[in-house]
1. Scan segment 45-85 residue by residue and report those that are in contact (Cβ under 8 Å) with a residue 12 or more places away in the chain and acidic (Asp, Glu).
2. Kindly indicate the residue of segment 36-53 that is of a type in the set (Gly, Ala, Ser) and part of a helix (DSSP H, G or I) and also surrounded by the fewest Cβ atoms within 10 Å (Cβ to Cβ) among those meeting that condition.
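The values are calculated or read from the model by the stated rules, or taken from the named source; none is laboratory data. These numbers were taken from a predicted model, which means no experiment stands behind them. Reconstructed Cβ throughout: ideal geometry from the backbone, glycine too, with neighbour counts over all protein chains shown.
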Amino acid sequence: MSVDAATVRRIAHLARIAVTDAEVPHLQGELNAMLAFVELLSEVDVEGVEPMTSVTPMEMKKRADVVTDGEIADEIRGLTRQLRAIGGDIDRVVRDINVGNTPEAATMRTTFVEFAEVLWEVESFYRSLCANARARHSPMAKVS
């Protein structure tokens, strides 16, 4: 199989690669060389050869395919309740400002500081969840 100049341009277009007319012959040669190698590989007799996952014999690590709630549902519900409560406070402060009432500075400051603290807690919790997920799915993690 061989690739012509029009096919090179079409591949470049599909790959969203700008190719000048001067580059087409070079790319055509490279693509033809790759296809020739693939054709050469297709001539290899692989009858009786077992599929492999690696060039060295090893068994695939497997883990149990089990759905869980992550054992953190209570923590997530607690943070959600805190966010809703503080969100309601922020809504009230913004509503007061919109209708012309100016809440006391201390009230606004307290509300926004509480909100920032809970957001910090949520962010820290999220980061720990991500770290735990990465550790669980790491190739180095113990697999049963």
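1. 75 - this is the single residue of segment 45-85 that is in contact (Cβ under 8 Å) with a residue 12 or more places away in the chain and acidic (Asp, Glu).
2. Going through segment 36-53, the residues of a type in the set (Gly, Ala, Ser) turn out to be 36, 42, 48.
Of the ones still in play, those that are also part of a helix (DSSP H, G or I) are 36, 42.
Numbers: 36: 12, 42: 8.
Out of the qualifying residues, it is 42.
For (1) modelled with pLDDT of 90 or more; (2) outside the structural domain of residue 125 (by TED's automatic domain parsing); (3) in a helix (DSSP H, G or I), each residue gets a yes or a no:
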| site | (1), (2), (3) |
| --- | --- |
| 12 | yes, yes, yes |
| 16 | yes, yes, no |
| 19 | yes, yes, no |
| 30 | yes, yes, yes |
| 34 | yes, yes, yes |
| 55 | no, yes, no |
| 59 | no, yes, no |
| 63 | no, yes, no |
| 68 | no, yes, no |
